[in-house]
Every structure is written in structure tokens, then in C-alpha cells.
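Comments concern the structure below.
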Amino acid sequence: ASSSSSSHDNFLQCLHLHSPNATSFSKLVFTNTNFSYSSLLHFSIHNLRFSSHTTPKPLVIVTPLRPSHIQASIFCSQRHGLQIRTRSGGHDYEGLSYVSHHPPFILLDLINLNSVHVDQHSATAWLQSGATIGQLYYQIAQKSKTLAFPAGVCTTLGVGGHFSGGGYGFLMRKYGLSADNIIDAHIIDAKGRLLDRESMGEDLFWAIRGGGGASFGVIVAWKIRLVSLPPRVTVFRVARTLEQNATKLVHAWQSVGSKLDKDLFIRVILQRVNVNKKTTIKASFESMFLGSVEKLLPLMQEMFPELGLVREDCDEMSWIESILYFANFPIGSPLEVLLNRTDLNKSLFFKGKSDYVREPIPENGLEGIWRMFDEQEAELGLMILNPYGGRMDEIAENEIPFPHRFGNLYKIQHLVYWLQEGEEAEERHIDWIRRLYTYMEPFVSKSPRAAYLNYRDLDIGVNNNIGYTSYEQASIWGSKYFKNNFRRLAYVKTKVDPLNFFRNEQSIPSLIPSH
Ligand code: FDA
């Protein structure tokens, strides 16, 4: 305790000395003796697995208002042997943005760096990392009825983590990922330099668009290119149970979802439900079409008649209304709900994993999944099947670090949510999702078994707890997230942070052995 209290005092003194305006900065720094330390820490935790009393806590939380506050925090952490965790929205599946098992560490919480400036004339926007995608969507809608941005479904996601790990939603088959639409960025590196695209160079600018920001520095802001949409889109949600032919429908969707017109996105959510006291599987087909119902119906008739979509299943609305619809806000909610940073699932424990599918899973393989759902004891187990194809097929695997492009039919997100606190429940539910993952092995991508960085999963491999992690060792998990791009990421890391100051359980390794 005495060594951590002295590093804590030293760190605070250092911040005081190196801050341009020390008095106002001190209001942005919180230690566990501050009244608001705990509420601030918990405010952006979105997975209860990482908010228990045994979860390691930061020595200090800094909530910067300006880049100079970040620079001072980096300088003083290095001087006093502290690690940094950077948090924007706090949705990391494994809590890496606010938990380090190597105390003492400080938390840079970017919650106050959240401005969004949309320029509708040039169809671009600058936004700070601590902004949420809900704020971005809101500000776009304030300025235009036909501009939009391809990003996630849950509106509380922070753009710091979301964009730097990829970022996808219902516009992805038309316009790709968030990271595909970034045109400039501001980052502070391990030397404390504030860099833009030109001064950071194309290697680093490449790395932070999909390679995860946390390995390279602290991203302060992004410049993005907005995309054009028609003023009205069409949405539908159609659910079918096993008794309503769900197995055949899901089987057929696998070959169709990635071949559809780019304007049409249909994802599938699978879960176990009770209907008339009988357990069954429900497949929900959720869709957005960038056009009218009149155009959608014949398209569906041609490509996916099995679903039996009818006009009454569909609603026409503006793009911003579709954001509220898919984020499950009650019908009629004002757009201002997009500015709320608290999400609906906040009081749940969860574990997620991801897979990519390149060949349709046969019907008996799907039936095995249904049996896996029967063994599931948590409040909610889900599989979300997200179609690829369209724009995703056109972008080269090495354009940005995110490599999952041509040849993928769809991505699966495996999820389990539970309410009960304690190790026993956690072990039981995580054991289930791991067994599901094992069951899926024959049906999904191989060598490597690919995974999506933004659905971070420490089961697929981690860096050494203490000491140097070699490139070969890190490749175990790195090749799954990044395929052949992992080598270039390690090269960029070695160039910009050779001593591996910015590190975590799954940070890109430097090729220069250190500590
Ligand atoms: P958080 O702050 O936890 O950061 C995540 C990682 O990025 C950490 O390693 C952190 O250190 C680092 N980081 C954050 N800010 C940084 C910065 N400024 N500079 C450097 N590094 C930084 N994904 C998706 O693509 N589509 C979707 O629809 C959804 N939906 C969704 C719903 C829910 C409820 C959750 C919990 C998650 C998702 N996701 C998702 C996954 C999401 O994209 C992923 O968790 C992002 O990393 C979240 O970004 P945050 O800034 O919120 O996370």
C-alpha cells in the first residue's frame, strides 16, 4: 500500500507540475478518496463482470478536457512507472479499457472529450474519441436528412474504441465499416506528441483504423466521411420458430444474405424462447433496405421468397428513426435519447465470442446448435448472424488492419447474458459459451479461426502477464483478429512504441524485446 500511495502522490505532484493550468486540471483528477471516484469509474462499465469489489481499480482517474491533459498524464505515468488504460465508451467485452491486472495503473477516461462537429457541405465530421455514436447520429440528423454514417447498433458505443476496432452496423453491406470511412485522426503517441494524419504518417494512420487504438497511443479525435442515403428507408423484423420452419429459413439465408443487393441488409438473431409453455428456437430476421417498400417486396420475392415477407411486416421511416428502432428505444422516443450514455443492458454480466462462416452450415449442424441452446441456463443466450458481401467484398484484406472481407458469408456473434452475481454463475455460463464455441469449430473459418477485435475474447490467447511477449506467441490471437495484417501492425508498433508503453492483454507486441 505504501508503494502505491507514493506512486500515487508522485504521479499527482508530477501532473500538478506539468499542467499548463494546474488548478483547473486538479478538478479533472480523481483518487479513491474523492466522493465521485466510484460513480465515475462505474458509469462507463457496460459488463458487470468487471465491476466487482475484487476487480483491480485504477489508482487515479483522469478526465482530460484538452490534449495537454493527456500529454501530462502520459509523461507522468512513464516517469512513475504506471500503466495507462484509455476508456472512451467503456464497452470493451473484457473490460480492458478500465481494468489492468498490473496495478498500479491510471485510467484516462475521455468522457469529457466528446464534441461532434458535422459539416454537411463537405459531408465530413470531426468528433472527439469520447463521443458516442448516438451523439454522432444525433448531430448528423440535426444537419441533414440524407447524410448518415456506418457504425454500430448500440448507441452508447464510444467512437474511440469502436472506430479503432472496426465498427459495423446495418449500413455495412453498402458502405463498409466505420474504420473504412475515416479520413484523418489526432493521436498522442508514447512520446507525448500530438499528431495528425500527415505528421503520424500512413503506417500509423493505417494501424489505428481497425488495429485497436490502445496499442499505439491515445486517439483524441477522428475525421470521418459521411455517406448518402435516401430520405426514407424500410425496416422489418420477422420472427419464425422451429415450428414455422426456422431451420430451413436460416439454412437458406446463409446462401442469400451475402448475395443480396447492397441496399439490403438482413441479419438473423437466434435464441431459445417459450411459446405456449413449450421451448423452441426463434430466428428473428431484422432488416434495413435503403429504399421504399415497393422496391423491397419484389426484391425479397426474387431472392428470399421462403421468408414470406408481406407489406404489413414493413415500416418506412427516416434513417435516424431506424437507428432508434434497431436500438430498441420505445416507439415515439425523442431523438434526444441518442444523447444518453447509459444503455439498456447495463445491469447484466456477459461474455461474447465471434466466428466467421465461409460455407453454409448444413441443416443437421444447425439442429446441433438448437441442442446447445437447450443446455443454456443463463437469462439469455444469443447468436447474431451478420451478413457480409456487398461493399465488404470489394475492400482488400490489407486496406486497413480489419481483414475479414471477400469470401465470408457472415459473422456470428455468440453471447450469453446473466443476472446472478458470483463465481459459480460466471463459470457455468462461460463454460456453456465455450462449449458452444467448441461445437461450432467444424462449421467456421479455419487456420486461423477468425475473430472480430471489437468482440474481444481473451480465450483466444493473451500476452504474457509479466515479461516480453514474442511476435510468434502473440500471433496465436493476433492472426485470428488480423490475419496477415498482424505483421504490419507489429512493425508499426515497433516504430511508434518500441518500449511497449501502451500495452494490455491483447496489445500488439513490439519486435524489440523489453521488460
Ligand atoms: P472502450 O472504451 O471499452 O474501449 C475499447 C478498447 O479501445 C480498449 O482497449 C480501449 O483502451 C481502447 N480505446 C478506447 N478509446 C481509445 C482512444 N481514444 N485511444 C486509444 N485507445 C482507445 N461493435 C460493432 O462493431 N457493432 C455493434 O453494433 C456493436 N454493438 C455493441 C453493443 C454492446 C452493448 C457492446 C457492449 C458492444 C458492442 N460492440 C459493437 C462492440 C464495440 O464496438 C467495442 O466494444 C468497442 O471497442 C467499444 O468502444 P468503446 O469506446 O465504447 O469501448
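Miscellaneous remarks
- Pairs, first on the phi > 0 side of the Ramachandran plot in segment 180-198, second modelled with pLDDT of 95 or more, C-beta under 6 Å, six or more apart: GLY192/GLN71; GLY192/ILE74; GLY192/PHE75
- Flag if SER19 is part of a loop (DSSP other than H, G, I, E, B), modelled with pLDDT under 85 and either over 16 Å from SER97 (Cβ atoms) or small (Gly, Ala, Ser) (or both): yes
- Residue that is within 7 Å of the ligand (Cβ to nearest atom), in contact (Cβ under 8 Å) with a residue 40 or more places away in the chain and farther than 26 Å from CYS76 by Cα, where the choices are GLY167, GLY160, GLY217, GLY213: GLY167
- Counting only helices (runs of 4 or more DSSP H) that fall entirely inside segment 391-484 and contain at least 2 residues that are within 14 Å of the ligand (Cβ to nearest atom) and surrounded by 14 or more Cβ atoms within 10 Å (Cβ to Cβ), the qualifying elements are 471-482.
- Within segment 31-68, the set of residues being more than 13 Å from the ligand (Cβ to nearest atom) and in a helix (DSSP H, G or I) comprises TYR37, SER38, SER39, LEU40, HIS42, SER68.
- Taken over segment 161-180, residues that are outside any loop (DSSP other than H, G, I, E, B) and open to solvent by 10 Å² or more (accessible area, probe 1.4 Å) amount to 5.
- Segment 416-432 residues that are within 15 Å of SER347 (Cα to Cα), paired with ones that are of a type in the set (Ser, Thr, Tyr) and surrounded by 12 or more Cβ atoms within 10 Å (Cβ to Cβ) (beta carbon under 8 Å, 6 or more apart): GLU421/SER52
- Of note, GLY201 does not satisfy the criterion of being within 12 Å of the ligand (Cβ to nearest atom) and either buried (at least 24 other Cβ atoms within 10 Å of the Cβ) or assigned to a helix (DSSP H, G or I) (or both).
Listed here are the residues, each with its yes/no results for (1) out of contact with any helix residue (DSSP H, G or I) (no Cβ under 7 Å at 6 or more places or on another chain); (2) open to solvent by less than 20 Å² (accessible area, probe 1.4 Å); (3) within 16 Å of the ligand (Cβ to nearest atom).
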position	(1), (2), (3)
LYS223	yes, no, yes
VAL235	no, yes, yes
VAL238	no, yes, no
GLU243	yes, no, no
ALA246	yes, yes, no
TRP253	yes, yes, no
SER258	yes, yes, no
ASP263	no, no, no
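- Only residues that are part of a strand (DSSP E or B), of a type in the set (Val, Ile, Thr) and within 18 Å of TRP126 (Cα to Cα) were counted in segment 204-246, giving 5.
The values are calculated or read from the model by the stated rules, or taken from the named source; none is laboratory data. As the structure is a computational prediction, the values presented were derived from the model and not from experiment. Methodologically, a virtual Cβ is constructed for each residue, glycine included, from the backbone with ideal geometry; neighbour enumeration extends over all protein chains shown. Ligands, DNA and RNA are excluded from the accessible area calculation, which covers all protein heavy atoms including side chains. Shrake-Rupley method; radii C 1.70, N 1.55, O 1.52, S 1.80 Å.
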